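Scroll down for the structure; my scribbles are underneath it.
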Amino acid sequence: MHFHAVEQDADDILRARIADLLGAATSTLGSSDADADADADADAGAGAHAAAAIHVGRLCPLCGSAAHGRPWARVADLAMPIGVSLSRSGPHLATAVRAGGPIGVDIEEIRSVASRWDEALVAYPSELGLATTALEQARMWSRKEAVLKAFGTGLAVPMAQIVLAEHEVIDVPAPPGYVAAIATDDPRPADR
């Protein structure tokens, strides 16, 4: 996950991040230390080729518009799926990319979440009373939005239906006054 200025072009950022991801992925295929220079040259060529073959966009699951909605990415001649996610809050744009499956990212301003907090709309019944401070509330909100983005549903599914203990969610360092989280759609077992 990376942070950028909100006014930067998210599609350009995603293309660059995917090219970096694919370059890093190809660098793990080297066979020996003696081949390191040749591998580095091949990686540079593969990264440049991959950047030209990366297509990104948006698709709204509700109206079918390509002007807004969930971001997507495809890489020509690559069978492996590439997951991408975006989140904006204040002056910040957060991006996340993942080879092999979906990913969700969310950034939230702590003060903003606290001003609109409604536990009944966010917490699953077993989570009631767990988020009592502004920081805890923002973390719960951010984690749940990250999960919903990884699912591809966004807020079409109520946050209160998500049980955080059933999902892989990681809190990541965020700018001062903000919280951020990353989730994959890989569920993990949990007791309800």
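The values are calculated or read from the model by the stated rules, or taken from the named source; none is laboratory data. Note that the coordinates shown come from a computational prediction; the quantities given were computed from them, not determined experimentally. Counting neighbours? That spans all protein chains shown, and the Cβs are built from the backbone with ideal geometry, glycine included.
Results for (1) farther than 23 Å from T184 by Cβ; (2) free of Cβ contacts under 8 Å to residues at least 40 places away in the same chain, shown as yes or no for each residue.
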| position | (1), (2) |
| --- | --- |
| S112 | yes, yes |
| M140 | no, yes |
| A146 | no, no |
| F151 | no, no |
| V157 | no, yes |
| I162 | no, yes |
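Identify the single condition in (1) modelled with pLDDT under 95; (2) of a type outside the set (A, V, I, L, M, F, W, C); (3) part of a strand (DSSP E or B); (4) farther than 20 Å from P71 by Cβ that D191 does not satisfy, given that it satisfies every other one.
Every condition holds for D191 apart from (3).
Assuming I170 fulfils every condition listed in (1) modelled with pLDDT of 95 or more; (2) surrounded by 21 or more Cβ atoms within 10 Å (Cβ to Cβ); (3) under 14 Å from the mean Cα position of the chain (by Cα) apart from one, which condition is it?
(2)
Would you pick out the residues in region 51-74 that are in a strand (DSSP E or B) and closer than 21 Å to H4 by Cβ?
Narrowing region 51-74 to residues in a strand (DSSP E or B): 54-59, 70-74.
Those that are in a strand (DSSP E or B) and closer than 21 Å to H4 by Cβ: I54, H55, V56, G57, R58, R70, P71, W72, A73.
Would you point out which residue out of A120, A76, A114 is in contact with a helix residue (DSSP H, G or I) (Cβ under 6 Å, 6 or more places away or on another chain) and surrounded by fewer than 22 Cβ atoms within 10 Å (Cβ to Cβ)? First the steps, then the outcome.
Details: A120 fails: in contact with a helix residue (DSSP H, G or I) (Cβ under 6 Å, 6 or more places away or on another chain); A76 fails: in contact with a helix residue (DSSP H, G or I) (Cβ under 6 Å, 6 or more places away or on another chain).
Result: A114 is the single residue among A120, A76, A114 that is in contact with a helix residue (DSSP H, G or I) (Cβ under 6 Å, 6 or more places away or on another chain) and surrounded by fewer than 22 Cβ atoms within 10 Å (Cβ to Cβ).
Filter region 124-152 for residues that are out of contact with any Lys or Arg (no Cβ under 9 Å at 6 or more places or on another chain) and in a loop (DSSP other than H, G, I, E, B) and give the result.
L128, G129, L130, T132, T133, listed by residue number.
Those residues that are among the small types (G, A, S) and surrounded by 23 or more Cβ atoms within 10 Å (Cβ to Cβ), I need them from region 90-111; list them, please. Steps first, answer last, please.
Of all residues in region 90-111, those among the small types (G, A, S) come to 90, 94, 96, 99-101, 104.
Correct list: A94, A96, G104.
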